[in-house]
Every structure is written in structure tokens, then in C-alpha cells.
Amino acid sequence: MKLKGPDLFVPLGAVAAAMLVFGVFCAALGVNPLGVYASLWKAGFGSWYSWQNTLVRASPLLLCGLCTALPARAGIIVIGNEGAVVVGGLGAITAGLSTAQMPSLVSLTFMVLAAMLCGGLWIAFSVALQHYRGVSAVISGLLLNYLAIALMNQLIEGPLRDPSSFNSPATFPLPLDHRLGFFSGTHVHHGLLFGVIGCLVAWFLVERTTFGFSMKVAGGNVRTAKLVGLPVGRLVVMAGFLGGACAGIAGMVEVAAVHGRGNESLNAGYGYTGILVAFLARQSPLGVMLFSVLVGGLVAGSGMLQRAHDLPDATITVLEGTLFLFILLSDTVYGRLKIPGGKANAVAA
Amino acid sequence: MKPPDIEAVGITKTFGALKAVDNVSLHLPPGVFHALLGENGAGKSTLVKCLMGFYPADQGVVKVNGEPLRVGSPKEARRHGIGMVFQHFTLVPSMTVAENLVLARPDLPMVIDWKAERVRLAEFLKQAPFHVDPDSRISTLSAGQKQKVEILKELYLETRFLILDEPTSVLTPQEADEVLGLLRRMVDRGELSVLLITHKFREVFAFCDGVTVLRRGKQAGAGRTADLDSARMAEMMMGEARAERKVGKTRSPGGPVLYLDGIGAVGDSGVEAVKEVRLTVREGEIVGIAGVSGNGQRELLEAIAGQREMTAGAITVDGERHLPTREMLLQHRFFILPEEPLRNASAPRMSVAENIAFRLFDRPPFQKFGFLLDRKAIADFGREMIRKFSVRPPEGELAIGDLSGGNVQRAILARELSSGKVRVLVAANPCFGLDFKAVDFIHDQLLQARNDGAAVLLISEDLDELLELADRIFVMSEGKLVFETTPEAADLALIGRQMAGQRV
Ligand SMILES: Nc1ncnc2c1ncn2[C@@H]1O[C@H](COP(=O)(O)OP(=O)(O)OP(=O)(O)O)[C@@H](O)[C@H]1O
Ligand SMILES: [Mg+2]
């Protein structure tokens, strides 16, 4: 499917509407909404420095967005992204620490592979539960998130704990040269590359390969997919695996580029925000690129809201929530709007 | 309340570059039974959706009792007593008849007083033309009963101008006569006007006062039924007289190809819907399965198509076990044409060309290097099939869900018949809702496949179709094959009794 007019207008309209409601919310808190908008803009996109902040936030979002967007093309709603990020990060740090003696590139490769495997299996499991056992992937994904966080706490306070990390438990650190570097002259780490490449590969997979086509048939109508003999179960589980693998890499990037070790910050909410990104992008991998940057900018601006307007840190969560509400609402509008280049609602003749 | 006087003046409606309805005018004084005819894709559904205010017309006005109707407002139309039964069912399957009727009311209060509603409903049902148990769940009703409930719903909402979009394509002729006859009586009593879209001339002559004919969006003719005959109407519809059928049976059947070995399947409600169906279809033979809808035909087809679990039995093709995997479908050259192709055999949001490629996309020339999709090859193949099977509009990039019902059927038929030489073809009600030209076309295609040596299993509720095409006919009743005959030896009264489940 090509990106058509409404694919862009509708989500951008939802963003605008959410911003408006958010402004009212700020006004109710006694803060001038215009000032808030200005701060958000400045913090996210106002200067090269803030662009760098935005890109740092965008890199895990790119991968977490794919975690929902890829299975969605096969017709499955995945919201277990956060859990996949966490187990991906845990897999990565475990692989990184056990290959600490090996050359840096080898170790990093193992970390990526371990992260993909852990995140992938995590989501594939949840999708398989839905397909073969009738347990909604939404429910199991949500529960698996808690399980992943519990597993993380267990590991970083138990077997993986670095005894010298007193007040906030963490694993042993990765050797310094076993971490992801930065683009020269910036504080944007190479994790961004994983995200961008991930989106491009995902786009290629969906739009240009027979596998992606099969996925779309299954997502478009399961009955038809069965009629033409496609292995629906294998397809959806595979789509779940690929999505989860992306989220897993996001966890690896957090470990290997941002924190240098495994700690509680693995559970920083990028997974949840990734769901928002995927819905804004209408589950299109290229759209994920666009909206990761937009949402990354908002996330980057959250600190600024506190400093400049004395608003609590969680304020940005309110904005994200509002945004989500509007994008879900806009789905009911989608297709009914008369937008040039758009098509009317598909009413069966 | 009297039926309203409806007048449409110069209605035009375009979708992109396509003029689906082009300057059509129509005047329906109170108390008429009028037919709207036209080939598939002529714009009938689009025109009535404009009348209903479901689509805003690009040009033209709809006048109700002389007053222009506010455009794009189905609610306003409903206020004037205009109501419509759509081409597809709109009832909520998991709810009962009563719930469906009550919940359709536009002025529904926040809290429903079910007791009062039930009293009202009982009163309504007492004087209603058909009888349906208000407590039965929609999903347990047959197509004919569902159609009655759709119409009852409109009457319950005090519709005085009833638009019916091909209400009888899912009904047996007897059911259709019953439903239309009762409506005709209401029209005669001056309680109702009806605008009927249909492809069946028989119904037009039996029930309608006048006709309007559309061809490719334009008004191609109109007149009083009394002044017309079917040849003249066919000519108005197609712009040419009905062609002679070209394909006849040119060979006699050969050896066995398809063997259904005691197939069993369970229906949606958990009861056994298909019981030990056993039959053989030979090379160059069409075997028909007749029956009233709801006797397990749908479940049988779904079991054969891999859309429903087979609880017993097996399928064999040329002596080999057949399973609905991609490899076997291809190897056995096994193709299926289910009913309601939009729901059962297409991905509505994907394009026509993509839908046509579903059987072949993962092998050369559509697939390159083992994994790449050649989108140009798909587009080219789509264009060729669209031309060969006259799908309209001839645009492969259009979402298949935007085609008219008949054209979806053509596109799916193109895929199933052109993805390789056919060895086995299973079709279910392939002509539901098609105009006579398309029906002739599809019948020709089925006969052609038969003459080319395919084993064809044709499940149909249209007995005339089976008598014309099949070499042997089975009757299916309550999930079992209860009777076998040939068209030559067929005793219609006996078949009818077998279909109704009366053993002799
Ligand atoms: N929503 C839509 N978007 C684009 N094209 C449409 C849409 N709805 C209908 N069309 C096109 O308009 C034309 C008329 O369609 P319509 O459904 O009115 O035909 P019809 O006369 O009801 O045919 P049928 O007998 O097959 O139901 C068709 O070519 C169809 O493809
Ligand atoms: Mg129609």
C-alpha cells in the first residue's frame, strides 16, 4: 500500500487535536499553553543540540514502533513491546558480559543476536498463544510485560548483580570498547543506525518480498489466506518474532549505547511509546520513521517542561495518552473524510 | 402515514475518475412498486445510496414530497420514512431478532425499558407480514429468515419508502415470491412504496409496476412493466440483445478425480453440520449439490477449502491425499470459488491486481531470486485478467472492496480459473447477485473447465442452474447427501421434497 493522502493527514490532524486538548490541560494547570508549545518545540527541534536529543530518543522508538507495526500487517495487535525491550536488553547484557574477552565487534554481534532472539521469542510466544490457543495477544502481551520486568529485577538484584552497585542495583558494566559509539561531533549514538536500517528493511520486507505479501494477505483476510493455502500460523508467529526482535534490539541499544550495563532504566517506557508511534504511523514502516522523530521530540521536551514551567515530568505522559486517544478516535473517521487523493469508505457494493 | 413522494432530479455521483451515476432522474409517486435494473457495476447501489442520503450526490437533488432533502444525511431520509435493506446483511449475528429490531431505533433512550419494548414489539409483530420468532438468535437463522428480519426491521422503523438492494439473491424462488408477494400486498393497500433492485426479470414482471434501467451510470430506459418484455429489458440493460449461449457439453465424463471420503464438519454453533459426505467427481464432469441454504453446504465448502476443520474423512485427488496447503493446491491444480467472494476469497483493502495474484505470487515470474516480489509482473497479469474477464472499472490498483458485487466475483473467478490448468474446481453459488450476462459468462466458464477435463463440484441453491449445468445432482439436507439423480431423470417434485427433508 502506498502512503496516500489520508495516511498522513489523519494522524497529523490527530496530533494537532491532541495538542489543542493538551493546551487546555496546561491552561487548567495555570500555565500558558503557548509557552508550553514553544518550549516543546525548542526542546525537541529548536536547535542542532535539541535535534540530537530528539534523535537519541527516536532510536529506540523506531525499533519499538516496528514491534507493533510488523505484526499489525499480519493482522495481530501486539502491545508487549516493553517486555520485549526488557528481555532483549537482558539477553544483550548477558551475551555482552559472557563475551567480554572477545573482540569488540564479535561481542557486539552476539549482543545483537541474543537481543533479537530474546525479544523475538517473547513476542512470538504471545502471538502463538493467540493463534493456537485463542488467548488475545493484547492480554498476554500486557501480562508478559510484567513478567519481563519481574525477571529483570530478579536478574539484576540476583545472579547478574554487580556488588559495587549499592543504591540502584545493576549488572556489571560492559567493557568501554564493547559499547556502541557516537556519530562524530554529536551525542547521537550508533543505535540510531539500527533503527533506521530496521525501518528500511521492514519496509522492504513488507512491500517488496513474497513473505511480506503473504503477511498482508493473512492480515487482510485470514479466510482468504487459508483458501489459497498460506500457512497462517507460521506467518503470524514469524511476524511476531520479527517485531519482537526489533524491540529486542532497542533493549540492546539502551544497554550498549546509553547505560553500558543492565539496570532498571531498561524499563523506561520506550516500548509503550512505540505502540503510539506505530498507530500514528498507521503501521507503515516508513511512517514509523517520521513519527518516531516527532514523538522523540516530545519525549525530549519533557524535561524542559519541568524546568521552564514547573510542570511535573509526567505531563508528557498526559500528552502521549491524549495523542493515543485521538489517533484511535481518528480511525473511526478515517475513510469517511473527503480528502483529495483519499478514497471513500469501502462499502461493499 | 402515507408513503412519501420521491423525486430524484439529475443525480450524478463520481468516484475518482469514474462516473458511477450520471445524470439520472427518477419519480416515484406514493404507492408504487418500482424496479431498478442494470448490469453489475451499472450504479444501482450507488444511486439508491444517494437517495438514502448515504452518499452526498455530486449534482442533483432528491425531493421528498416536493421539498429538497438535505444532502448526506441518512437520518433525515429516515425521518421522512425512507429506509433501505442493503445488499449484505447488517444484523448483529450474536443478538436476537427482538434485540436487533429494538436497537435499530434511532430514538433509543439511554436505558432501555425492555418490558415496554417487548410489548410494543409483540404488537408490531402481530400485524407484521412475516412471522419470525423474536427470541431466536440471528446466527441461527437461514438466509431467507434473515432477509425477512431485515425487512421487518425497516417496517418496525416505520419505513414507508422501502429500498431493497437485491434482497432475493440469497433467497430461493419460493422464499422470494413469499417476501415480495407480502410487500406487494402492502403496496396495494397504499401503506408502502418499494424500489427493488434485482437481476431477476421474473420478479420484475410478477411484482413491479414500472422499471428504470441503468447502463454504465446513465439512464438507459424506463417504462411500465406492462409495456415491456424481457428481451426488450435485456436490450436496455446491455445495449444489445442477449447473446446465444456458446458453450455446450462436448464430452462425456472420464475416470474419477476428486473423491470426498466421508467428510464431517462442525458448524459455528458447535453442532455437527456436515455428516459423512461421500462422493466422487470424474474428469470432465460437473457434480451438483442442491439444497436449501443452511443445510451444511457452507460448512462443507469451508472444510474443503481449509477454512474450517474437518472432523472426519479425507479428500483425495487422483488417488492422492489432498490437504489445503499451498504445495498441494498447486500440485493437484485445485481451485475454489466460494460464495460471497469479498468475505471469503479476497482481501478487501488490497488491490484488484494483488487479489488476482494470490494463487501465484510466490512463484516465477511473480517471484524473483526466491524471495522478491515482482510488482510489475503482478500489475501486468492483473491488467490482462481484468481485460479477459471484463472486470469494471478496468483499474488494477483499485481496492477490490470498492468494486461492485458482480465485478468482485469476476476478479476472483479470473484468479481461480487462470492460475494454471484446472484439475479440480469447487464452486458455491457462483452466480449470486450477478446480472444475466455475467451469469452466462460464468456458466460458460464452468462448462469450459468441464470440457477441458476438470472435475467440477458445484454447490448451488439455484436448482435451475444445476439442472442446466450438472451431469449428476445430489441433494443435501441436514448435513447429509440424501438423494442422487441426473438432470435428465430429475423429478422436480421429488427433489423439492428431498430438499425440504421429507423422506419418502
Ligand atoms: N466506494 C467506492 N469507491 C470507488 N468506486 C466505487 C465505490 N462504490 C462503487 N464504486 C464503483 O461504482 C460503480 C457502480 O457501483 P455499484 O455498486 O453502484 O454497482 P451496482 O449497479 O450496484 O452493481 P451490482 O449489481 O454488481 O451490485 C462500480 O464500477 C464500482 O466499482
Ligand atoms: Mg449493487
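We did not get these values from a lab; they are worked out from the coordinates using the rules stated. Everything numeric here is computed off the predicted structure, so don't read it as measured data. So basically every Cβ, Gly included, is an ideal-geometry build from the backbone, and we count neighbours across all protein chains shown.
The figures follow:
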| read-out | value |
| --- | --- |
| Per-selection Rg to Rh, segment B:327-406 - Cα, Kirkwood hydrodynamic radius | 0.97 |
| Local net charge near B:T250, Cβ-Cβ under 11 Å (Lys/Arg +1, Asp/Glu -1) | +2 |
| Amide proton proximity set for A:T99, modelled H, under 5 Å, gap of 5+ | none |
| Rg(Cα) / (2.2 N^0.38 Å) computed for segment B:6-238, rounded to two decimals | 1.02 |
| DSSP-loop GluC sites (Glu not before Pro) across segment B:243-276, with at most 16 other Cβ within 10 angstrom | B:E244 |
| Charge dipole magnitude, Cβ of K and R +1, D and E -1 - segment B:256-499, Cα centre, debye nearest 20 | 880 |
| Global size of segment A:178-225 as Cα Rg and Dmax, reported in angstrom | 17.0, 54 |
| Amide hydrogen neighbours beyond the local backbone of B:S193, cut-off 5 Å, H modeled | B:G31, B:F161, B:L162 |
| Whole-angstrom gap from segment B:116-142 to segment A:171-191, using each part's C-alpha centre | 71 |
| Rg ratio (alpha-carbon, reference 2.2 N^0.38 Å) - segment B:157-205 | 1.11 |
| Dipole in debye (nearest 20) - chain A, about Cα centre, beta carbon charges: Lys, Arg +1; Asp, Glu -1 | 1220 |
| Packing-based ranking, highest mean first, of B:255-263, B:34-42 given that Cβ atoms within 10 Å are counted | B:34-42, B:255-263 |
| Stokes-Einstein diffusion coefficient of segment B:140-297, Kirkwood radius over Cα pairs, 25 °C, 0.890 mPa s, in µm²/s | 126 |
| Gaussian network model of chain A, Cα within-10 Å springs - most flexible of A:M111, A:M238, A:M102 | A:M102 |
| R0 of 45 Å, Cβ-Cβ distance A:V135-B:E67: FRET efficiency to nearest 0.05 | 0.20 |
| Sites excluded, trypsin sites (Lys or Arg not before Pro) in DSSP loops with at most 14 other C-beta within 10 Å, longest stretch of chain B | B:252-420 |
| Positive dipole terminus of the protein assembly as shown, leading residue within A:V56, B:G262, B:I6 (C-beta point charges) | A:V56 |
| Bins of 5 Å from zero: percent of alpha-carbon pairs in segment B:248-313 | 4, 16, 25, 21, 15, 10, 6, 3, 1 |
| Ascending count of other beta-carbon atoms within 10 Å, so fewest first, for A:L142, B:L152 | A:L142, B:L152 |
| Radius 12 Å from Cβ of A:P60, net charge of other residues (Lys, Arg +1; Asp, Glu -1) | -1 |
| Span-rule helices in chain A, defined as complete DSSP H runs reaching 18 Å or more along the axis (Cα) with Kyte mean at least 0.5 | A:5-28, A:81-98, A:104-133, A:137-157, A:191-208, A:232-253, A:285-309, A:315-333 |
| Span per principal axis, largest first, for the Cα atoms of segment A:1-89 (Å) | 44, 33, 27 |
| Chain B, relative contact order in percent, only Cα pairs under 8 angstrom and at least six apart counted | 15 |
| Under 5 Å, built H, 5+ apart or other chain: amide partners of B:A220 | B:V213, B:L214, B:R215 |
| Under the Debye formula (equal points on every Cα, no solvent term), log10 I(q)/I(0) of segment B:256-499 at q = 0.08 Å⁻¹ | -0.30 |
| Acute angle (nearest 10 degrees) that the helix B:375-388 long axis makes with the longest principal axis of chain B, alpha-carbon atoms | 70 |
| Mean-position separation - Cα centroids, segment B:395-419 and segment B:240-260, in angstrom | 23 |
| Angle in degrees between helix B:405-418 and the longest Cα principal axis of chain B, rounded to the nearest 10 | 10 |
| For q = 0.11, 0.12 Å⁻¹, Debye-computed log10 I/I(0) when each Cα of chain B counts as one equal scatterer | -1.02, -1.20 |
| q = 0.07, 0.08, 0.13 Å⁻¹, segment A:5-333: log10 I(q)/I(0) [Debye, one scatterer per Cα] | -0.28, -0.37, -0.96 |
| Percentage relative contact order, chain A, counting C-alpha pairs under 8 Å, at least six apart | 35 |
| Rg/Rg_ref, segment A:176-282, where Rg_ref = 2.2 N^0.38 Å and atoms are Cα | 1.33 |
| With Cα atoms, 0 to 90° folded angle of helix B:173-188 axis to chain B main axis | 10 |
| Listed residue pairs exceeding 26 Å between alpha carbons, taken from B:K2/B:K75; B:K376/B:K437; B:K146/B:K480; B:K49/B:K153; B:K44/B:K388 | B:K376/B:K437 |
| Kirkwood Rh (inverse of mean 1/r, distinct Cα pairs), the protein assembly as shown, angstrom | 30.2 |
